[in-house]
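Reading through the structure tokens given below for one structure.
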Amino acid sequence: DVGSLDPATVDVNTAAAFIKVKAKKDATSKDTPSSFWNAWKVAAVLALVASLLFLILNRQERPNEVYLSAEKVESVHLTDGSSVQVNAGSSLTYPENFIGDDRVVSLQGEAFFNIEPNPDQPFIVKVGNAQITVLGTRFNVNETTESIYVSVISGRVEVTSDYGKEILEAGEQVAISKSSQQLIRDLNSSSGKEQFWLTKKLSFQKTSMKEVISDLESAYQVTIDVSNESILKCKLQATFENQPIDEV
């Protein structure tokens, strides 16, 4: 015969059970925020360490930069032995120390560069939409509203812009025209007008008066009217140094 199972009666204290469950729940609720905040603190510390490492590495790769805004003609002596003469109203940005594969500076306006040779670390001038790369040379850069002019006195430079590339030798110059979007190559003037802002000197050697007047206008930023145009056929041999335009 199959008998029936008569389970023993269990006396359940529901009130005590509820209190026990609530106590466990409260303990869990207290643990959860604590774990969350601990995890947050660890993440914050890791983020801080990562930021410090980034700043240290970035500082090594990108040394402190110096920004010069020239109110008059300023001389800058770079740590590689190079020197830059910055014209009034122009600005130059350069690193305190050159680190890496190249020596990079940025120019707005006009400056004359005398660069120490270093084939392993080319010197680069960034101006407007152009880049000038040199190894060791002397050259003038002038950025105006319409054009960027690069005039090489010694050595050789490579001028690259959005409109093309030119390699210039000593005695050559290039004008990067923003309006025509092209590079116009030419020879330096014989009078030295490209560096007049720095040298304050113009030298004419049997130069036609037409060219003389053009160079004077460019150097002194004036307009010269000629009432007797026959004078333009004459030639001039003279040197002007540290003289005002009225005296010239």
Using θ = phi - 60° and the Karplus curve 6.51 cos²θ - 1.76 cosθ + 1.60, what whole-Hz ³J(HN,Hα) does each residue of segment 95-105 get, with Gly and Pro shown as x? x, 5, 9, 7, 10, x, 7, 8, 10, 10, 10
Across the Cα atoms of segment 127-248, what radius of gyration and what greatest pairwise Cα-Cα distance (Dmax) are found, in Å? 15.8, 48
Using a 1.4 Å probe over the heavy atoms of the protein chains, calculate the carbon and sulfur portion of the accessible area of segment 195-248 as a whole percent. 47 percent
DSSP loop (so not H, G, I, E, B), at most 16 other Cβ within 10 Å: list which GluC sites (Glu not before Pro) in segment 127-161 pass both filters. E146
Gyration tensor (Cα) of segment 114-196, equivalent ellipsoid semi-axes in angstrom: 19, 16, 10
Taking θ = phi - 60°, what integer Hz values does the Karplus form 6.51 cos²θ - 1.76 cosθ + 1.60 yield along segment 157-172, in sequence order, with x for Gly and Pro? 10, 10, 10, 10, 9, 5, 9, x, 9, 9, 10, 9, 9, 4, x, 10
Stretchable slack from S154 to E116, in nm (0.36 nm times residue separation minus alpha-carbon distance): 12.5 nm
Give me the one-decimal nm value for the distance between modelled label points at A88 and D162, 7 Å along each residue's Cα-to-Cβ direction. 3.2 nm
For segment 61-142, what is the percent of antiparallel DSSP beta bridges, rounded to the nearest 5? 85 percent
Enumerate the residues in segment 211-248 having an amide nitrogen under 16 Å from the point lying 7 Å beyond the Cα of Q205 toward its Cβ. 212, 236-240
Would you mind checking which residues have amide H under 5 Å from S82's amide H? H placed 1.01 Å from N; only 5 or more apart, or other chain. E116
Please find the FRET efficiency linking D246 to E146, where r is the Cβ-Cβ separation and R0 is fixed at 25 Å, and quote it to the nearest 0.05. 0.35
Under the Karplus relation with 6.51, -1.76 and 1.60 and θ = phi - 60°, whole-Hz ³J(HN,Hα) for segment 146-156, x at Gly and Pro, equal 9, 8, 10, 10, 10, 10, 9, 8, 8, x, 8
Please list, in chain and number order, the residues 5+ apart from S189 or on another chain whose amide H is under 5 Å from its amide H, with Hs placed from the backbone. E194
Greater than 31 Å apart at Cα, pairs in K126/K193; K126/K235; K126/K206: K126/K235; K126/K206
Which of the peptides 94-103, 122-131 is most tightly packed, and how do the rest follow, going by the mean number of other Cβ atoms within 10 Å of each residue? 122-131, 94-103
Alpha carbon centre of segment 184-248 versus segment 64-101: separation in Å? 30 Å
What does the charge count near D215 come to, summing +1 for each Lys or Arg and -1 for each Asp or Glu among other residues with Cβ under 13 Å from its Cβ? 0
Within segment 163-248, GluC sites (Glu not before Pro) in DSSP loop having at most 16 other beta-carbon neighbours inside 10 Å: E247
Can you give the relative contact order of segment 81-236 as a percent, counting alpha carbon pairs under 8 Å and 6+ residues apart? 13 percent
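The values are calculated or read from the model by the stated rules, or taken from the named source; none is laboratory data. Since this is a predicted model, take the numbers as computed values, not measurements. Virtual Cβ from ideal backbone geometry, glycine too; neighbours counted across all protein chains shown. The accessibility values were calculated without ligands, DNA or RNA, using every heavy atom of the protein model including side chains. Shrake-Rupley method; radii C 1.70, N 1.55, O 1.52, S 1.80 Å.
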